[in-house]
Each structure stands twice: as C-alpha cells, then as structure tokens.
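The values are calculated or read from the model by the stated rules, or taken from the named source; none is laboratory data. Nothing here was measured: the structure is a model prediction, and the numbers come from that model. Positions of Cβ are backbone-derived with ideal geometry, glycine not excepted, and every protein chain shown enters the neighbour counts.
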Amino acid sequence: MDFNLDETQQDLRKLTAEILDRTAGGDDAEDALRRAGLLGVCVPEEAGGAGLGPVELAVVLREVGARAAAVPALPVLAGTLVLAGHGTSEQAAMDGPVTLALREPGRDLADPPLTTATPSGDGWLLTGRKTSVPLPGGEASGSPPRGVAALVSADAGLFLVREPPLAHEHASTGEPLATLTLDAFPAERVAGPEAVTTARQVYTAAVAAQAAGVLAGALKLTTDHVRTRRQFGRALAEFQAVTMQIADVYIAGRALDVALWSAAWRLGEGLPAEEDLALAAYHACRAWEAVHTCQHLHGGLGLDVTYPLHRHFAQAKHLSHLLGGADAQLDLIGGLV
C-alpha cells in the first residue's frame with residue numbers, strides 16, 4: 001500500500017488542524033467542524049455528505065487526537081460510516097447524531113453480543129445492556145443529547161435505535177458516555193451479523209486513529225519541551241537518557257501509525273483487515289504508557305492542568321478502556337494467528 005495521503009486526504013488533514021487550532025479544541029470546536037462538513041465526510045453524497053471512507057475517517061480523528069480535543073467526532077464518524085455501508089438511504093440521511101453501542105459488561109469487544117433481538121410485527125424488540133457508549137452532541141456536564149440514535153449490536157445483526165434510554169455518565173476525560181439498557185425496546189434492523197463485524201472493525205479503526213493522534217501530539221509537546229528546557233547548563237535533549245526515552249515514544253508512535261493506516265486502507269479496499277486492526281488496537285491500548293513517559297520527561301509540568309499534556313494522558317487511557325485493554329487485544333491476536 002501507499003502510506004502517502006492523496007490530495008483530498010491532505011486537504012482534510014489541513015482543514016481539521018486549522019479548525020481545531022483556531023478553536024483550541026474548546027466548546028466551539030464541534031460546531032466549527034460540523035459547519036465545515038468534517039463530521040459528515042462519511043455520509044453518502046446523495047445524503048449531503050462527502051461519501052468518503054475509513055482512511056478519511058482516520059485522517060480527521062488523528063488530528064482530533066493530536067490536540068486531545070473533547071469533540072464527539074469519533075462516534076459520529078464511525079456511526080455514519082457504518083450506516084453508509086449497511087443502512088437504507090433514509091437511515092444514512094438521518095438529521096440527528098448517531099453513535100455505536102457495541103460494548104457489553106464483562107465482554108470483550110470481539111465477543112458475540114448477548115443482546116437479543118426478537119421480531120415484533122414489522123419491527124424488532126431489543127433486550128440487553130451496552131456500556132461505555134460515546135455520546136455525540138452532548139455536553140460533558142449536561143444531560144444526554146436529544147435526537148441521538150444508536151447502532152446496537154445484537155444476536156440477529158445490527159439495529160438502529162432512535163431516542164434510546166441512556167443513563168448519562170462521564171469518561172475520565174470529562175467527555176460524555178452512557179449506559180444503554182434495553183428491555184424489549186423497539187428497533188429497526190439495519191443488517192445481519194456481518195454488519196456487527198463491520199461496526200466493530202470501523203469502531204476499532206476509529207479509536208486507534210484517535211489514539212495515534214493523541215500519542216503524536218504528546219510526542220510533539222515533549223520534544224519541544226526537552227529541546228528548550230535547560231538543566232545543569234544543558235538542554236534536556238542533550239542527555240542520553242532523555243534521548244533514549246524520546247526514541248522509545250517515537251517507535252511506539254510509528255508502530256501504531258503503520259498498523260492503523262494499513263488497517264484503514266484494507267477496510268476501505270474491502271480486504272481482510274482483522275490482523276491489522278488487532279495489531280493497531282494493541283498498540284493503541286499501549287499508547288498511554290508512551291504518554292506516561294512524556295509526562296515523566298516534563299517533570300511536574302506534565303501534571304499541571306493548565307498545560308495540555310494531562311489531556312493527552314487522560315484521553316489515551318480512555319481510548320484504551322474503549323477497546324478493552326491490551327490484554328484483550330493480545331488474546332485476539334493469539335486467536336487470529
């Protein structure tokens with residue numbers, strides 16, 4: 001594969017970076033991204049979007065992660081990409097925000113869902129519980145957003161639940177999450193079990209892309225710091241122990257990037273991507289360890305809440321939790337090989 005971004009992808013990267021830098025990832029960032037069409041890049045063209053795929057999703061999310069911006073780009077982009085591939089034209093053109101509800105208590109992301117779907121008249125009824133559901137369009141301190149829909153994995157396939165019953169909670173980053181409890185709740189069937197696999201793959205690629213950005217942003221902050229910070233009359237970057245630790249962080253970032261771009265490209269081309277995704281997810285779950293090294297190299301400044309590095313650490317840990325942790329990914333890799 002060619003790891004270079006094409007012209008469209010480069011434009012997406014630059015536009016996302018410009019908007020997030022201008023808004024400093026603050027409260028206006030989500031609206032600015034939406035107005036620029038960046039949260040609709042995976043919506044089909046006939047529904048008013050750009051009709052782009054997994055690589056473009058990864059491009060946008062990597063820039064979001066690089067600034068540790070608390071914007072709901074991940075659930076929106078992943079949800080719309082899955083709907084674009086499996087939903088009807090009416091579902092793909094939904095006005096409200098959509099998210100993915102895939103994780104279940106005590107279960108790995110790759111495990112078959114325990115949520116059950118029962119036919120009822122012209123529709124379906126879902127029973128089950130989903131946790132750590134990212135909330136698009138909701139404030140970190142407010143109630144769940146109105147008009148949100150969730151793509152829910154179940155034993156009979158992937159289902160669209162409009163206005164689901166959400167119990168509001170918070171991630172360690174302060175970003176909104178929810179627990180979704182369904183008790184014979186009405187739903188629309190999107191597609192069969194093959195769509196559950198697609199949803200999990202897209203979700204994994206999205207989380208890995210944002211984690212890659214988080215690590216890249218932390219590395220840039222740290223290299224800038226050790227280049228200019230002086231101790232004992234020398235820049236920190238001149239000490240061998242510091243350069244070795246920075247090199248370890250760089251290698252961790254490159255390993256994640258290679259696996260991520262390979263997985264995203266294979267998804268976009270319709271090629272088998274499970275091994276690449278599992279490897280990307282493993283490195284994404286280990287990213288917080290590299291960010292911890294960045295914090296160590298900053299000294300006390302790395303823990304200062306007025307300095308941005310603490311956001312990178314919190315987001316790296318949060319993204320690892322969304323994937324279930326590194327051990328779960330090792331189990332998956334072992335099963336694949």
**Study point:** Any pair with Cβ under 6 angstrom, 6 or more apart, that starts in region 246-272 at a residue that is closer than 15 Å to A211 by Cα and ends at one that is outside any helix (DSSP H, G or I)
**Key:** W261/F3; A263/A273
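This table checks each residue for (1) in contact with a helix residue (DSSP H, G or I) (Cβ under 8 Å, 6 or more places away or on another chain); (2) more than 23 Å from P75 (Cβ to Cβ); (3) part of a helix (DSSP H, G or I); (4) among the hydroxyl-bearing types (S, T, Y).
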residue: A259; (1), (2), (3), (4): yes, no, yes, no
residue: S262; (1), (2), (3), (4): yes, yes, yes, yes
residue: P272; (1), (2), (3), (4): yes, yes, no, no
residue: A278; (1), (2), (3), (4): yes, no, yes, no
residue: Y282; (1), (2), (3), (4): yes, no, yes, yes
residue: Q295; (1), (2), (3), (4): yes, yes, yes, no
residue: K317; (1), (2), (3), (4): yes, no, yes, no
residue: S320; (1), (2), (3), (4): yes, no, yes, yes
residue: G334; (1), (2), (3), (4): no, yes, yes, no
Practice item. Scan region 25-36 and report the pairs whose first residue is farther than 20 Å from G96 by Cβ and whose second residue is at pLDDT 90 or above and of a type outside the set (A, V, I, L, M, F, W, C), with Cβ atoms within less than 7 Å and a gap of 6+ or a chain change. Key: G25/R67
Study note, to complete from the structure: Note on region 302-315: residues at pLDDT below 90 and in a helix (DSSP H, G or I) are G302, L303
Check your understanding: Looking at A287, A278, A273, which is the one that is crowded, with 21+ Cβ neighbours inside 10 Å and under 15 Å from L57 (Cβ atoms)?
Key -> A273
Revision key, fill the gap. Exactly one of A178, A110, A187 is modelled with pLDDT of 95 or more, within 28 Å of L332 (Cβ to Cβ) and outside any helix (DSSP H, G or I), and that one is A187
Review point. Is it fair to say A70 is surrounded by fewer than 24 Cβ atoms within 10 Å (Cβ to Cβ), in contact with an Asp or Glu (Cβ under 7 Å, 6 or more places away or on another chain) and not assigned by TED's automatic domain parsing to the domain that holds R311?
Key: yes
